[in-house]
1. Contour minus end-to-end for ARG155 and ALA213, with contour as 0.36 nm per residue of separation and end-to-end as the Cα-Cα distance?
2. Return the long-range amide H neighbours of THR233 (sequence gap of 5 or more, or a different chain), with a cut-off of under 5 Å between placed amide H atoms.
3. Put LYS62, LYS123, LYS143 in order of accessible area, largest first, 1.4 Å probe: what do you get?
4. Which far-off residues, 5 or more places away or on another chain, put their amide H under 5 Å from the one on ILE70, with H placed in the peptide plane?
5. Once phi is turned into θ = phi - 60°, what whole-Hz ³J(HN,Hα) does the Karplus curve with 6.51, -1.76 and 1.60 give for every residue of segment 127-134, x standing for Gly and Pro?
6. In sequence order, what are the phi-derived ³J(HN,Hα) couplings for segment 36-49 according to the Karplus relation 6.51 cos²θ - 1.76 cosθ + 1.60 with θ = phi - 60°, rounded to whole Hz, with x for glycine and proline?
7. So for HIS178, HIS212, what's the accessible-area order with a 1.4 Å probe, most first?
8. With r as the distance between the Cβ atoms of LYS180 and LEU226 and R0 = 22 Å, compute the FRET efficiency 1/(1 + (r/R0)^6) and round to 0.05.
Amino acid sequence: MNIFRFRDRVGVLDERSERFLKTVAWLGGYFTPEQAQELGIRNSVTRVHVQLKDLESWGFIKPVGAYPAIYQVTKSVTRLLGADLSARRQHTLETIRTRLLTVNFYLEAIRWPVEFVLDHKQKVSKLCQVVAEPALLPYRGSKLYLWQDLVLQRRSGEVLFTIVDHFGRHPYRQLYRHLKRFAPILGPDDLRLMIVVSSEHREQQFRRKLHHARLQRLLEQQGLDLPLRDMVTIYRVRRAVPVVRPIITNRQQLRELRALRLANRGTGNPQKQTRNVIHNNDTHTNADISGDEGGV
């Protein structure tokens, strides 16, 4: 059997591995072996590592970080989903940590009495049932765009738009951006926002911004006479997100990284972190490169 053909590689996937890969892709595309075990790929540490090595050899994942090991899904997983997500493209280290935080949140929240809606088509369908005017939902161009948003629905029917705090971005700017997108459809009963953060410090920063007058006016402009703090929930994930130490496999990338470190030393600011990027293989074109935009 030619294992290099996509359909043959898909044929060797068992149900648990396929479900795991799809879930990780919807959550952003990155994971650690510990997260993989909790997501149910295998039950023991040894079996998890064996299965991850198999998935790597079959071209579904690739290692991008070390100590701890961090993996990213490849283009083969987006083909498996039938959607070209940015999960398989290159990202800054801050984005990678944000997506690992997303997985940590998912592992905690699946124990809640809520339904996770990960598939984009299902998100659109679910929201069209709740929102009286679907035209008010966020669009990009002429299409509904909810790729980067987690959608949770409580048993009461209330829908939570869940946004994961991005490492390195200012809380006010994130809140303003998300309120601009969702304020037209927020309501007193059916729709709420949830911000997921990684630390007590970030939680306090976001809570202070909930009293900002300009953010409150965004709600008032939509006819919502409710305090912003009643419309937005802040949730702090208990598990820490690991520091990403990228695997450098390209000599040019290694030289660039060394040059950046020397430049930082020259500025007298050894605490400054470089915004390294995890690269895919060298055959990708510029069209394959995504910063922090695009699908999940």
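1. 17.6 nm
2. For THR233, the qualifying residues are LEU193, MET194, ILE195.
3. Values: LYS62 45, LYS123 5, LYS143 150 Å².
Putting LYS62, LYS123, LYS143 in descending order of accessible area: LYS143, LYS62, LYS123.
4. Result for ILE70 returns VAL64, GLY65.
5. Whole-Hz 3J(HN,Hα) from phi for segment 127-134: 6, 5, 6, 9, 7, 5, 10, x.
6. 4, 5, 5, 7, x, 5, 8, 8, 10, 4, 4, 5, 4, 5
7. Putting HIS178, HIS212 in descending order of accessible area: HIS212, HIS178.
8. 0.80
The values are calculated or read from the model by the stated rules, or taken from the named source; none is laboratory data. Note that the coordinates shown come from a computational prediction; the quantities given were computed from them, not determined experimentally. Because the Cβ atoms are built from the backbone with ideal geometry, glycine has one as well, and the counts that use them run over all protein chains shown. Surface accessibility is based on the protein's heavy atoms, side chains included, excluding ligands, DNA and RNA. Shrake-Rupley method; radii C 1.70, N 1.55, O 1.52, S 1.80 Å.
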